[in-house]
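K.L.:
Quick one: this structure, given as structure tokens, is what I'll be asking you about.
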Amino acid sequence: MHRLRQALASTTVRLAGSYLLIIMLMSISFSIVFYKTSSHELGRQVPPPSVFGVRRFEDFNSQGPGIDSFFEERIAQGRRALLTKLITLNVFTLGAGSVVSYYLARRTLRPIEANLEAQSQFVSDASHELRTPLTALQTSNEVALRKPKLTNSEARQLLTYNVQEVEKLKQLTSALLGLARQDANDTRLGKTRLQDIVADALNVIVTSAVAKDVAIEDTVADIAVMANRLSLVQALVTILDNAIKYSPPHTTVYVSAASENNQAMLRVRDDGPGIAAKDLPHIFDRFYRADQSRGKQQVDGYGIGLALAKKIISQHSGRITVDSQLGAGSTFIITLPLA
Ligand code: ADP
């Protein structure tokens with residue numbers, strides 16, 4: 001992060017330098033042209049040798065300074081004054097231009113800086129998440145290796161644990177890839193029936209719902225939205241998967257959708273533990289997991305799903321919100337523009 005800041009600071013200075021160079025080139029060129037035309041105009045103030053055939057003053061009075069040298073002296077003074085003013089103006093432009101250039105360079109680089117910081121934050125969060133299961137794997141293997149002898153069942157137990165942890169790591173890396181790739185994905189939208197999207201998503205999660213004896217009640221109205229079917233299914237799978245994951249067995253998850261105020265409103269409600277008020281503002285942040293999810297109940301997950309779902313839904317010009325209280329279940333509400 002420190003090196004990133006240093007690199008950005010030097011880029012800002014270089015960019016500000018380029019801006020200043022352009023400003024000064026313009027100012028100096030303008031001054032040169034202005035000086036040349038003005039001094040040419042001043043030169044034209046000397047009367048020609050003879051005006052309408054009348055002889056000039058010094059022709060009558062050859063002693064003492066003539067009117068020509070008087071004019072020339074005045075013109076030279078005028079030129080000097082002009083030059084001083086132009087130099088002062090350019091010095092002022094240099095000062096003011098430096099401030100303006102620096103401000104403009106900062107403004108140009110601010111979005112890039114924000115992006116780079118978000119990226120570097122992502123990399124450090126991701127490595128942190130990867131390190132935890134890797135450390136657990138390393139510790140269990142080291143402990144087993146320290147034993148002089150491993151029984152067959154101990155070896156099997158260790159290998160089973162290793163395979164489970166590796167499976168989790170695989171899930172984590174594909175979730176990370178999903179998050180990183182989402183920007184590059186094809187996000188073309190087309191008119192799609194919401195019922196089809198919900199049906200696709202239910203197909204994916206049906207096995208885990210059955211395994212946990214969680215019933216699904218689907219009352220999605222026949223409405224069409226502008227959607228990228230694959231991405232929206234992926235977002236909905238995350239929300240349904242959470243609803244099942246966090247719900248106690250033998251409960252019901254309700255999926256409903258209707259057209260309200262010219263928008264499609266899709267709701268996923270569960271009778272799970274609910275979300276504490278302090279966690280609500282953060283659950284859509286990358287890697288955020290409410291304490292109870294990390295705690296003793298130990299629901300598997302990495303805090304990536306909702307961040308990705310939110311990203312997908314905003315790519316659909318939609319919104320995702322949650323209505324939840326501890327002990328009172330959760331309702332995730334997705335708003336999408338109608339097709
Ligand atoms: P995770 O992999 O932890 O489920 P998500 O990004 O999908 O990551 O969710 C972030 C957090 O939001 C979860 O850790 C959990 O605390 C909370 N959460 C999400 N959905 C629900 C739900 N249906 N019921 C209770 N808590 C939920």
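Read-outs throughout are calculated quantities, based only on the coordinates presented, and are distinct from any laboratory measurement. All of these numbers come straight from a predicted model, not from anything done at the bench. In this analysis, Cβ positions are derived from the backbone assuming ideal geometry, glycine residues included, and neighbour counts consider all displayed protein chains.
K.L.:
Apply 1/(1 + (r/R0)^6) to the Cβ-Cβ distance of E73 and T37, taking R0 = 22 Å, and write down the FRET efficiency to the nearest 0.05.
P.N.:
Plugging the Cβ-Cβ distance into 1/(1 + (r/R0)^6) gives 0.55.
K.L.:
I'd like the distance between the alpha-carbon centres of segment 70-129 and segment 220-258, rounded to an integer number of Å.
P.N.:
53
K.L.:
Given the chain, what percent of its DSSP beta bridges are antiparallel, to the nearest 5?
P.N.:
Taking every DSSP beta bridge within the chain, about 80 percent pair in antiparallel fashion.
K.L.:
Could you tell me how many degrees, from 0 to 90 and to the nearest 10, lie between the Cα long axis of helix 305-315 and the main elongation axis, the longest principal axis, of the Cα atoms of the chain?
P.N.:
Once rounded, one gets 50 degrees.
K.L.:
Same structure again: Answer rounded, prolate or oblate for segment 147-232, using the Cα gyration tensor with square roots of eigenvalues a ≥ b ≥ c: rounded when a/c is under 1.5, else prolate when a/b is larger than b/c, else oblate.
P.N.:
Oblate is the answer for segment 147-232, as a/c is 1.5 or above yet b/c matches or exceeds a/b.
K.L.:
Students often forget the sequence filter, so: which aspartates and glutamates lie under 15 Å Cα-Cα from K311 once same-chain residues fewer than 8 apart are removed?
P.N.:
Hits, sequence-local ones excluded: D183, D186, D285.
K.L.:
What residue among R110, R156, R188 has the largest mean-square fluctuation in a Gaussian network model of the chain, using Cα springs under 10 Å?
P.N.:
The residue with the greatest mean-square fluctuation here is R156.
K.L.:
Of all beta bridges DSSP finds with both residues in segment 197-325, what is the antiparallel percent, to the nearest 5?
P.N.:
55
K.L.:
Can I ask one more? Note down the nm distance, to one decimal, between modelled labels 7 Å out along Cα→Cβ at N152 and at V299.
P.N.:
4.0
K.L.:
What nm distance separates the two modelled labels at V13 and T160, each placed 7 Å from Cα along Cα→Cβ?
P.N.:
About 6.2 nm, to one decimal.
K.L.:
Just add up the charged neighbours of T12: K/R +1, D/E -1, any other residue whose Cβ is under 13 Å from the Cβ of T12.
P.N.:
Value of the local net charge: +4.
K.L.:
Output the relative contact order of the chain, whole-number percent, from Cα pairs under 8 angstrom with separation of 6+ residues.
P.N.:
13
K.L.:
Please give the helix 67-146 orientation as an angle from the longest Cα principal axis of the chain, in degrees from 0 to 90, rounded to the nearest 10.
P.N.:
For helix 67-146, the angle is close to 10 degrees.
K.L.:
Pick from A328, A307, A201: which residue has the top mean-square fluctuation in a GNM of the chain where Cα pairs under 10 Å get a spring?
P.N.:
A328
K.L.:
Give me K85, K191 sorted ascending by neighbouring Cβ count inside 10 Å, so fewest comes first.
P.N.:
Arranged by neighbour count, lowest to highest, K85, K191 become K191, K85.
K.L.:
OK, next. By the gyration tensor of its Cα atoms, with a ≥ b ≥ c the square roots of the eigenvalues, what is the shape of segment 202-339: rounded for a/c under 1.5, prolate for a/b over b/c, or oblate?
P.N.:
prolate
K.L.:
May I ask for the angle, rounded to the nearest 10°, between helix 2-43 and the longest principal axis of the chain, with both axes built from Cα atoms and the value confined to 0 to 90°?
P.N.:
It is inclined by approximately 20 degrees.
K.L.:
Taking just the C-alpha trace of the chain, give me its Rg and Dmax in Å.
P.N.:
37.5, 132
K.L.:
Hey, another quick one. Please enumerate, by chain and number, the aspartates and glutamates with C-alpha under 19 Å from the C-alpha of K170, excluding those fewer than 8 residues away in the same chain.
P.N.:
Leaving aside aspartates and glutamates fewer than 8 places away in the same chain, those within reach of K170 are D125, E129, D241, D300.
K.L.:
If you split all Cα-Cα distances of segment 76-196 into 10 Å bins from zero, what percentages do you get per bin, shortest first?
P.N.:
In order of increasing distance, the bins hold 10, 18, 16, 15, 12, 10, 8, 6, 4, 2, 0 percent.
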